[in-house]
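Read-outs: derived from the displayed coordinates by stated rules, not from any lab. Note that the coordinates shown come from a computational prediction; the quantities given were computed from them, not determined experimentally. Note: ideal-geometry Cβ built from the backbone for every residue, glycine included; neighbour counts use all protein chains shown.
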Amino acid sequence: MKEFVIIIILYRINRYALIFKTESKEEITKLKQEARKEICSVQPEYMECTVEDFYPPELDFPIRPPWNIGISRTELERNENRYFNVGSHILK
């Protein structure tokens with residue numbers, strides 16, 4: 001039983017011991033050269049995208065029902081539950 005306790009104690013002592021991979025001089029110089037490369041900027045029109053760029057137009061997303069600031073929380077939740085439940089019946 002003592003051996004078992006000693007093994008557990010040794011495990012707990014070394015559980016945070018970190019092991020780092022040593023890199024060769026060639027790897028370090030290659031990484032330094034990669035880090036020194038120029039970062040190419042992108043034209044502004046390519047920085048923004050639309051939903052249609054990723055999803056086909058025939059894929060339909062649920063849209064929240066209209067609401068205003070005067071609607072109570074329970075009424076809003078009731079409207080959304082009714083809207084999404086009706087939509088889920090269409091999918092089945």
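Taking other C-beta atoms within 10 Å as the exposure proxy, 23, 80 rank 23, 80 from fewest upward.
Within the shell of other residues whose beta carbon sits under 14 angstrom from the beta carbon of residue 83, the net charge comes to -1, with Lys and Arg scored +1 and Asp and Glu -1.
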